[in-house]
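Note sheet for the following structure.
The values are calculated or read from the model by the stated rules, or taken from the named source; none is laboratory data. On a predicted model such as this, the values are computed, not experimentally measured, just so you know. Virtual Cβ from ideal backbone geometry, glycine too; neighbours counted across all protein chains shown. In case anyone asks, the SASA skips ligands and DNA or RNA and just uses the protein heavy atoms, side chains included. Shrake-Rupley method; radii C 1.70, N 1.55, O 1.52, S 1.80 Å.
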Amino acid sequence: MDPWLIWLITAALLGVAEIFTLTAALGLLGGAALVTAVLAAIGLPLPWQLLAFTLVATVGLVFLRPIAMRHLMPREAERFGVEALVGGAAYVTAEVTGLSGRVRIGGEEWTARAYDETQVIPPGTTVDVIEIKGSTALVYPRE
């Protein structure tokens, strides 16, 4: 079997594998195998074919894959307003129960309730903001 045909089959197999994995790595290796198949069809000797495959694959994986992954991965949407406070830390300024309390979030004083209604959180405790309902922060103590 001719070497160019082996490279072409390798490129096809890597291309099919890329469809199932979506990592962009196997597709780039398949592209390198396709370039090597063309070079093998021209008559390049086997050691030069291996060198060409290695060089094209390295360039693809080192330079092209990061660019492709940036375009394929969706960015996390920026959170603004009260959504940005969820998941952050707060400082309890007045005892927090399932009914009432006060916390300081980013320099502002908020009304608060314990996320677990059975908990009583003493002043001075650092808590996590679990949710914001209206102007009330639902908080849970850090461990």
Which of the residues that make up the stretch 99-125 are modelled with pLDDT under 95 and polar (S, T, N, Q)?
S100, T118, Q119, T125
Flagged in the stretch 89-102 as among the hydroxyl-bearing types (S, T, Y) and either open to solvent by 60 Å² or more (accessible area, probe 1.4 Å) or in contact (Cβ under 8 Å) with a residue 40 or more places away in the chain (or both), in numbering order, are Y91, S100
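Okay, residues lined up against (1) under 30 Å from L26 (Cα atoms); (2) of a type in the set (A, V, I, L, M, F, W, C):
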position	(1), (2)
L61	yes, yes
E95	no, no
V103	no, yes
W110	no, yes
P122	no, no
K133	no, no
The one condition A11 fails out of (1) open to solvent by 70 Å² or more (accessible area, probe 1.4 Å); (2) in a helix (DSSP H, G or I); (3) in contact (Cβ under 8 Å) with a residue 12 or more places away in the chain is (1)
Checked F20, F80 against criteria (more than 30 Å from G134 (Cβ to Cβ) and at pLDDT below 95); the one match is F20
May I ask you to verify whether V86 is assigned to a loop (DSSP other than H, G, I, E, B), open to solvent by less than 50 Å² (accessible area, probe 1.4 Å) and over 30 Å from L8 (Cβ atoms)?
yes
Answer yes or no: is there a residue in the stretch 60-78 that is open to solvent by 60 Å² or more (accessible area, probe 1.4 Å), touching a helix residue (DSSP H, G or I) at 6+ places or on another chain (Cβ under 8 Å) and not aliphatic (A, V, I, L, M).
yes
In the stretch 14-29, anything open to solvent by 40 Å² or more (accessible area, probe 1.4 Å) and either within 16 Å of A68 (Cα to Cα) or β-branched (V, I, T) (or both) is listed as V16, I19, T21, L22, T23, L26, L28, L29
